[in-house]
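Read the structure below first, then the notes.
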Amino acid sequence: MMWSVEFARIYSKICGDGCLSGRYVRYSNKNPDLLKEFASDVRKEFGNITLTKGATNSGTSFLQFHTKSIINEFKKLGNYKSSQIRIHKDLYQSDKEILSEFIRSFYDDEGSVCLRLYTKTKEWKRSIALSSNSRVFLHDIKYILKKIFKIKTNKIIRSHAKSSYDKTYTLTITGKGNI
């Protein structure tokens with residue numbers, strides 16, 4: 001399979017704040033720029049298909065499409081259940097730009113920049129965190145960051161280790177050279 005930048009970003013958005021059901025592909029986000037990027041990528045990759053706009057009960061905007069052939073194309077790439085997502089093996093063969101856009105797109109949905117005061121030394125510390133319910137997915141991201149981009153990351157940890165309901169994992173990047 002040949003991956004394009006647009007296809008990689010759509011795939012990433014489905015893995016992040018998206019949803020793939022048997023009837024539609026949906027991307028939900030409060031950021032209008034990310035919704036515009038999704039619409040642009042879908043139209044560039046698949047032509048002028050109908051995109052339905054809407055909002056969830058919480059007020060979050062979404063775009064979705066119902067084209068069965070495209071839904072089936074994404075279904076071939078794996079499971080999109082949040083705890084079971086992983087990067088499809090064919091994506092690893094893509095060039096650096098495509099991998100970069102895939103990761104950037106996922107960070108747009110599930111990443112955050114952190115600034116905290118280290119109490120022992122009274123120094124400001126910075127980090128970039130990425131969260132997911134899928135530990136395997138974060139291992140896949142960690143591998144790409146290390147092998148392709150030479151970015152060292154920290155260990156993947158449970159966000160709330162003692163929580164029985166929050167099964168989120170976090171991958172962080174620290175250090176001036178890595179950030």
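The values are calculated or read from the model by the stated rules, or taken from the named source; none is laboratory data. Values in this document were obtained by computation on a predicted structure and should not be read as measured data. For neighbour counting, all protein chains shown are included, and Cβ atoms are generated from backbone atoms with ideal geometry for every residue, glycine included. All accessible areas refer to the heavy atoms of the entire protein, side chains included, with ligands and DNA or RNA removed. Shrake-Rupley method; radii C 1.70, N 1.55, O 1.52, S 1.80 Å.
Worth a mention:
- Of residues in segment 20-39 being open to solvent by less than 50 Å² (accessible area, probe 1.4 Å) and under 16 Å from Lys75 (Cα atoms), the one farthest from the chain's Cα centre (by Cα): Gly22
- Scanning segment 36-68 for residues being of a type in the set (Asp, Glu) and in contact with a Leu (Cβ under 8 Å, 6 or more places away or on another chain) gives a total of 0.
- Of all residues in segment 129-179, those satisfying the criterion of being open to solvent by 70 Å² or more (accessible area, probe 1.4 Å) and hydrophobic (A, V, I, L, M, F, W, C) are Ile157, Ala161, Ile179.
- Taken over segment 49-76, the criterion of being at pLDDT 95 or above and aliphatic (A, V, I, L, M) is satisfied by Leu51, Ala55, Leu63, Ile70, Ile71.
- If you check Ser105, Ser159, Ser164 for being of a type in the set (S, T, N, Q) and at pLDDT 95 or above, only one passes: Ser105.
- Number of residues in segment 129-172 that are part of a loop (DSSP other than H, G, I, E, B) and small (Gly, Ala, Ser) equals 5.
- Residue check, Lys147 within 17 Å of the chain's Cα centre (by Cα), free of Cβ contacts under 8 Å to residues at least 60 places away in the same chain and closer than 29 Å to Glu45 by Cα: no
- The number of residues in segment 16-35 being assigned to a helix (DSSP H, G or I) and in contact with a Leu (Cβ under 9 Å, 6 or more places away or on another chain) comes to 1.
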